[in-house]
Amino acid sequence: QVQLVESGGDLVQPGGSLRLSCAASGSIFRIYTMGWYRQAPGKQRELVAVMPRDGNTNYADSAKGRFTISRDNAKNTVYLQMNSLKPEDTAVYYCNAYVLPIGSIKVANYWGQGTQVTVSS
């Protein structure tokens, strides 16, 4: 069993910053791509940023220049530094990871429970 636990969501004023963290735990042999997605009320879940194990990153256009994804493979943790936050960034942010569990030959996809980010004055 693999668990992803996000933290760092909060209420922040426009122009402010937040840092989200997501720690993976459990029967993990190797983690491949890790990433962040978000879902605003009444909207579909959308990609924010993803980072394969080799470090190449991919950002949504809305995140480019403001958000930075990073990861610590030794800690099985992925981060999302969010700067210059806007009200339209308000959403539940979900962590996602492709994991090869111990004893398995199949990579599985896992989601965290989500953390709320609210940008409002």
In a Gaussian network model of the chain with springs linking alpha carbons closer than 10 Å, the residue among 20, 11, 85 that fluctuates most is 11
What longest range of the chain stays clear of loop-exposed trypsin sites (Lys or Arg not before Pro) (DSSP non-H/G/I/E/B, at most 13 other C-beta within 10 angstrom)?
1-42
Charges on Cβ only, +1 for Lys and Arg, -1 for Asp and Glu, centred on the Cα centroid of the chain; of 44, 120, 84, which one is farthest towards the dipole's positive end?
44
Fraction of accessible area attributable to carbon and sulfur, the chain (%, probe 1.4 Å)
48
Using a 1.4 Å probe, what is the accessible area per residue for the chain, in Å²?
53
Using a simple charge model, +1 on the beta-carbon of Lys and Arg, -1 on the beta-carbon of Asp and Glu, nothing else, what dipole does the chain show about its Cα centre, in debye to the nearest 20?
200
Partner aspartates and glutamates for residue 86 [C-alpha distance under 17 Å; skip if fewer than 8 residues away on the same chain]:
10, 46, 61
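The values are calculated or read from the model by the stated rules, or taken from the named source; none is laboratory data. Because the structure is a prediction, the values reported are computed rather than measured. A quick note on method: Cβ atoms are made from the backbone with ideal geometry, for glycine too, and the neighbour counts reach across all protein chains shown. In case anyone asks, the SASA skips ligands and DNA or RNA and just uses the protein heavy atoms, side chains included. Shrake-Rupley method; radii C 1.70, N 1.55, O 1.52, S 1.80 Å.
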